[in-house]
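The values are calculated or read from the model by the stated rules, or taken from the named source; none is laboratory data. A quick note: this is a predicted structure, and the numbers were derived from the prediction, not measured. Cβ atoms come from the backbone with ideal geometry, glycine included; neighbour counts cover every protein chain shown. SASA here: full protein model, heavy atoms, side chains in, ligands and nucleic acids out. Shrake-Rupley method; radii C 1.70, N 1.55, O 1.52, S 1.80 Å.
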Amino acid sequence: MAIPTAFSGAKLESLSSSAAAASPASIGLFCNPGRVRRLSIQKGLFNSGIRCEVAASDVVDQSQSSGNVTSSSSLSALEQLKSSAADRYTKERSSIVVIGLSIHTTPVEVREKLAIPEAEWPRAIGELCNLNHIEEAAVLSTCNRMEIYVVALSQHRGVKEVTEWMSKTSGVPVTEICKHRFLLYNNDATQHIFEVSAGLDSLVLGEGQILAQVKQVVKVGQGVTGFGRNISGLFKHAITVGKRVRTETNIAAGAVSVSSAAVELALMKLPESCHTTARTLVIGAGKMGKLVIKHLVAKGCTKMVVVNRSEDRVSAIREEMKDVEIIYKPLNEMLKCAAEADVIFTSTASETPLFMKEHVVDLPPVGASVGSLRLFIDISVPRNVGACVNELEDARVYNVDDLKEVVAANKEDRLRKAMEAQAIISEESKQFEAWRDSLETVPTIKKLRAYAERIRVAELEKCMSKMGDDISKKTKKAVDDLSRGIVNKLLHGPMQHLRCDGSDSRTLSETLENMHALNRMFSLETDISVLEQKIRAKVEQTQK
């Protein structure tokens, strides 16, 4: 038995179709407030396995119901079931949800398959918002994380649909995604993106690159349908939090990794006047060497020589950092390059030292502008520079053990700053939630203004008709301005009591009470709830 409904294809279709699949002779559906139990109705909506609990009467015996339930009463009962389910469902507030996979939870082999290039973010947002229970969306895809932020009409259904979409677009099985993903809702989701933007969720605590990536999400999302008010507001607030944390805690200062500590140690030993002009040599273009280069660039170095066995890795690094002059030299020219360098970073897998005392003693001395000392910063294990080099008056060697104290001290300092950052994030989270809560009253504010405007216009027309056609434009404008002024002054009080943005002591519950009171007093409530209207609009969009 097929039951037509304006919501076919959406949530209510799953209800009516499920009920229709059962014979009316086997299930009796009556509205009996005194004897209600929960009936779990399950139907695959685009294979999403959606569940919806609805109120229903006790299941009656087939023999008792077969002669008593007519076709019309069955239709009526199904409508009651549909309305009951819709009422329950649409009372659920839209949720902000994060479905994420990060370097903390997911191996790179999985993350790289799920990654979405920046150019594809608008397309991804559009496809996500075409899912039945997703209203807004954003994608944050970097080398360390793949996170999808959505506003979901239903948490469970929204997560299921997004997970299946991720599987479909990436080819990664749903079970594999579920194994590694993390899910965060509302306040926790807000806290997470604020921590991400502040650099608290990064491998290098407080690193600044992630803030630029969060900014890029907002830049790409501008004008994209689906990057709506809640999600855009969330990411814009996250940018504010990221800036505030870095400004007030200085969390980005100091080193927490071997490579960054090596660069900072070199800067500590060099006169400040030559930080950006010292001749720099990096030996080894592997993972650690690449990180050293990145940190050097971050500190303002614009030119360096890189010695490596092959040129491929150096070329790849050069492609990443096009604004920096990176000169490649083969390994057999290492000593020649060392003779022309003030600071030498070594990070190779060589099991024997690259530099011993006899290699360095004949190198030309460095200038007084860099302290008259050639610095060897050796972050290799086994060591690439022999300790005997320290015996020379014009050379100094620092190895990994010399860096440990620097790393530990800075890490402890950053952890303290992270605690300070959490206090800022907690404060900002409350402000964002207050702003989002205030959006609950926006429909009532709009309806109240529209109601008042209809009355104003109608009464203004009556007044103008009584005044005749010979009144001047100036008089008409004066009367119109008068009517607008009266309406605005009358609405000022109610509007103030419909705002809950954290600017005063009014709680959300008080504001919602005011909203419901105004809805009743001015008959602003409609038969179709806000969420139900959203569902209907989504179905109509899908059917186009």
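The set of residues in segment 93-104 being open to solvent by 60 Å² or more (accessible area, probe 1.4 Å) and in contact with a strand residue (DSSP E or B) (Cβ under 9 Å, 6 or more places away or on another chain) consists of H104 alone. Taking the criterion of being open to solvent by 40 Å² or more (accessible area, probe 1.4 Å), hydrophobic (A, V, I, L, M, F, W, C), assigned to a loop (DSSP other than H, G, I, E, B) and touching a residue at least 60 places away in the same chain (Cβ under 8 Å), the only residue of segment 157-207 that qualifies is L203. For segment 275-285, a residue qualifies if it is modelled with pLDDT of 90 or more and part of a loop (DSSP other than H, G, I, E, B), and the qualifying residues are A278, R279, G284, A285. Can you pull out every residue in segment 261-279 that is surrounded by fewer than 19 Cβ atoms within 10 Å (Cβ to Cβ) and over 27 Å from L200 (Cβ atoms)? If the condition is that a residue be surrounded by fewer than 19 Cβ atoms within 10 Å (Cβ to Cβ) and over 27 Å from L200 (Cβ atoms), then K269, P271, E272, S273, C274, H275, T276, T277, R279 are the ones that fit.
Within segment 397-412, the presence of at least one residue that is part of a helix (DSSP H, G or I), modelled with pLDDT of 80 or more and more than 30 Å from I231 (Cα to Cα) is confirmed. Checking each residue in segment 365-386 for being open to solvent by 60 Å² or more (accessible area, probe 1.4 Å), out of contact with any Asp or Glu (no Cβ under 7 Å at 6 or more places or on another chain), free of Cβ contacts under 8 Å to residues at least 60 places away in the same chain and farther than 21 Å from S259 by Cβ picks out only A368. Among the residues of segment 105-125, those identified as part of a helix (DSSP H, G or I) and surrounded by fewer than 21 Cβ atoms within 10 Å (Cβ to Cβ) are V108, E109, V110, E112, K113, E118, A119, E120, P122, R123. Note on segment 274-305: residues that are under 20 Å from E340 (Cα atoms) and in contact with a helix residue (DSSP H, G or I) (Cβ under 7 Å, 6 or more places away or on another chain) amount to 13.
Scanning segment 256-274 for residues that are closer than 15 Å to V366 by Cα and either of a type in the set (D, E, K, R) or outside any helix (DSSP H, G or I) (or both) turns up K269, L270, P271. The residue list V282, V220, V224, V258 contains one member that is among the β-branched types (V, I, T), surrounded by 21 or more Cβ atoms within 10 Å (Cβ to Cβ) and touching a residue at least 40 places away in the same chain (Cβ under 8 Å), which is V282.
Inside segment 126-156, residues that are open to solvent by less than 20 Å² (accessible area, probe 1.4 Å), part of a helix (DSSP H, G or I) and more than 14 Å from N230 (Cα to Cα) make up a count of 1.
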